Amino acid sequence: MPQNKMTDKAKENNKSLTADAFSVKSRLKNSVVTPPPAAGAFKANPLVKQTSFRKFYNRGDLPIALEHDTKGNKIAWKVEIEKLDYHHYLPMFFDGLRETKHPYGFFARQGVHDMLEHGGNKITSVIPQLIIPIKKALELREAKVLCTTLKVLQHLVVSADLVGEALVPYYRQILPVLNIFISMNCNLGDGIDYGQQRRENVGTLIQETLEAFETYGGQDAFINIKYMVPTYESCRLN
Amino acid sequence: MSAASVIPEPKSMTRAKKWSDEVEEAYRFQVAGYKGEAEYIALKGLEVERWPDSGYIKKLTRKDGNFYYYNKDRECPDKDVHQIKIYSYN
């Protein structure tokens, strides 16, 4: 009992002080430096402002029929895709990728998919206008939006010739967020990943996307990717 | 009205059991609201646009004038195969 009293007294004498880092107080003997605040790199930034896609959808400016008598995941186009002005509509649909709410998210995803499938050479000239919507979508740092955007990027590089090479100068705009999330994998140990087919693991998707960039980006692609994502290893060299 | 009389009436209908290229064709027409190729050509009078490699349907015009675009590869999921109607005109 006396021993406990002693340790309590000793504890009283050795009470620690909390101190801010790099302050004079932190140099005292019993001071405990407060840990640094979380940087929030993985924190999602929720959508605050309405996207222009939502505005145009509500106004009826998009060339898609909005009734829901579709069987399966299809959208009906009012105008043939081949006749659409890609410079006007493709950036609009890419802007809608930030939406997660139904039906905006669905129409944006399907619209982008259909336009990339049937765009051909028209897509290459629109690439500079797509970078800002892609960057905004990645900056939300939200898992669902990230997955959608990465799948769209994978489709983009295979949709037409020279698109992969046209993207190389813009790597410094779109790859920083991929660098943050590349290690966001799920360690299941020896468990089975039942959701693998749904392609929802961000780390794996980023790896696949970077490999697609390297495969279709030409000769300079790898070095540019390595500059922005240092932990990426080539899938073509070595 | 005259166009309606040109549409061939199917003699019998069976449900598909297993996926095949014919089932995929029928799926794509039925998603767009047609019974099959015969009805589409009778109503629209247009040739069906197809993908060059796989030969699957690429684009269809719906009855209300809007367009449906389809993928190069298989689109019909296994769970919908048994809902597809195969019509025969013989």
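Please give the charge dipole size of the range A:109-208, origin at the Cα centre, charges +1 on K and R Cβ atoms and -1 on D and E Cβ atoms. Round to the nearest 20 debye. Display every interim value, and only then the final one.
Numbers: 10 positive and 10 negative charges, 69 e Å.
My answer is approximately 320 debye.
So what is the relative contact order of chain B, in percent, for Cα pairs below 8 Å that sit 6 or more residues apart?
Values: 121 pairs, mean separation 39.1, N = 90.
About 43 percent, as a whole number.
By the scheme Lys and Arg +1, Asp and Glu -1, what is the net charge of all other residues having a beta-carbon under 15 Å from that of residue A:59?
+1
Local charge sum around residue A:48 (other residues, Cβ-Cβ under 15 Å, Lys/Arg +1, Asp/Glu -1)?
Working: positive: A:43, A:49, A:54, A:55, A:98, A:101, A:136, A:141; negative: A:95, A:99, A:139, A:142.
Once all neighbours under 15 Å are counted, the net charge is +4.
Enter the mean number of other protein chain beta carbons within 10 Å of the beta carbon of each residue in B:57-67, as an integer. The partial results should precede the final answer.
Working: counts 0, 2, 5, 1, 2, 5, 0, 5, 3, 10, 12.
Whole-number average of other-chain Cβ neighbours for B:57-67 is 4.
Between A:64, A:223, A:192, which gets the highest mean-square fluctuation from a Gaussian network model of chain A, Cα cutoff 10 Å?
Per the Cα network of chain A with a 10 Å cutoff, A:192 tops the list.
Can you compute 3J(HN,Hα) from phi for each residue in the range A:113-121, using the Karplus curve 6.51 cos²θ - 1.76 cosθ + 1.60 with θ = phi - 60°, rounded to whole Hz and x for Gly and Pro?
Running phi through 6.51 cos²θ - 1.76 cosθ + 1.60 with θ = phi - 60° gives 4, 5, 5, 6, 4, 10, x, x, 6 Hz.
Identify all lysines with a Cα-Cα distance to residue A:122 below 22 Å; exclude those on the same chain that are fewer than 8 residues away in sequence.
Within reach: A:78, A:83, A:135, A:151, B:58, B:59, B:72.
Would you work out which of B:65, A:148, A:215 lies farthest towards the positive end of the dipole of the protein assembly as shown? Charges go on Cβ: Lys and Arg +1, Asp and Glu -1.
Checking the options against the dipole of the protein assembly as shown, the answer is A:148.
Per DSSP H run of n ≥ 4, the term is -39500 (n - 2.57); total these for chain A, divide by its residue number, and report the mean residue ellipticity at 222 nm rounded to 500 deg cm²/dmol.
Numbers: 10 runs with 120 residues, N = 238.
Roughly -15500 deg cm²/dmol at 222 nm, from the helical runs in chain A.
Rounded, prolate or oblate for the protein assembly as shown? Axes are the square roots of the Cα gyration tensor eigenvalues, ordered a ≥ b ≥ c, and the cut-off for rounded is a/c under 1.5.
Details: a/c = 2.68, a/b = 2.24, b/c = 1.20.
Here the protein assembly as shown falls in the prolate category.
In debye, nearest 20, what is the charge dipole magnitude of the range B:1-68 about its Cα centre with +1 on Lys and Arg Cβ and -1 on Asp and Glu Cβ, if you could check? Could the numbers behind the result be given before it?
Working: 12 positive and 11 negative charges, 50 e Å.
With Lys and Arg at +1 and Asp and Glu at -1, about 240 debye.
Need one value for B:68-78: mean number of C-beta atoms belonging to other chains within 10 Å of its residues' C-beta atoms. Numbers along the way, then the final one.
Numbers: counts 7, 12, 3, 3, 1, 0, 0, 3, 1, 2, 0.
Mean partner-chain Cβ count within 10 Å for B:68-78: 3.
Helix-only estimate, please: 222 nm mean residue ellipticity of chain B, summing -39500 (n - 2.57) across DSSP H runs of length 4 or more and dividing by its residues, to the nearest 500.
After summing the helix terms and dividing by the residues of chain B, the value is -7000 deg cm²/dmol.
Work through the residues other than residue A:132 whose Cβ is under 13 Å from its Cβ and net out their charges, Lys, Arg +1 and Asp, Glu -1.
Values: positive: A:98, A:135, A:136; negative: A:95, A:139.
So the surrounding residues net to +1.
If exposed GluC sites (Glu not before Pro) are those in a DSSP loop with at most 16 other Cβ within 10 Å, what is the longest stretch of chain A that has none?
Details: sites that count: A:67, A:80, A:200, A:233.
By the stated rule (loop sites, at most 16 other Cβ atoms within 10 Å), A:81-199.
Work out the length of the dipole vector of chain A about its Cα centre, built from +1 on the beta-carbon of each Lys and Arg and -1 on the beta-carbon of each Asp and Glu, and round it to the nearest 20 debye.
Values: 30 positive and 25 negative charges, 287 e Å.
Rounded to the nearest 20 debye, it is 1380 debye.
Normalised by the number of residues in chain A, what is the relative contact order in percent for Cα pairs under 8 Å and 6+ residues apart? Let's see the in-between values first.
Details: 270 pairs, mean separation 36.1, N = 238.
That works out to 15 percent.
Have a look at B:78, B:53, B:21 and tell me which one the Gaussian network model of chain B (Cα, springs below 10 Å) gives the largest fluctuation.
B:53
Using alpha-carbon positions, what is the distance between the centroids of the range A:45-121 and the range A:179-238, in Å?
First find each Cα centre; the distance between them is then 27 Å.
By count of other Cβ within 10 Å, fewest leading, how are B:74, A:172 ordered?
Working: B:74 14, A:172 11.
With the fewest neighbours first, B:74, A:172 line up as A:172, B:74.
Would you please classify the overall shape of chain B from the alpha carbon gyration tensor, given that a ≥ b ≥ c denote the square roots of the eigenvalues, rounded means a/c under 1.5, and beyond that prolate means a/b larger than b/c while oblate covers the rest? Intermediate results must be reported in sequence, preceding the final value.
Values: a/c = 1.95, a/b = 1.18, b/c = 1.66.
It comes out oblate by the Cα gyration axes.
To the nearest 10 degrees, how steep is helix A:122-139 against the longest Cα principal axis of chain A, on a 0 to 90 scale?
The answer is roughly 30 degrees.
Could you work out the mean count of beta carbons from other protein chains within 10 Å of each residue's beta carbon in A:77-84? Kindly include the intermediate steps, with their values, before the conclusion.
Working: counts 6, 4, 2, 5, 3, 2, 0, 0.
The per-residue average across the peptide is 3.
FYI, it's all coordinate maths here, none of it is from the lab. Just so it is clear, the model here is predicted, and its values are computed rather than measured. Positions of Cβ are backbone-derived with ideal geometry, glycine not excepted, and every protein chain shown enters the neighbour counts.
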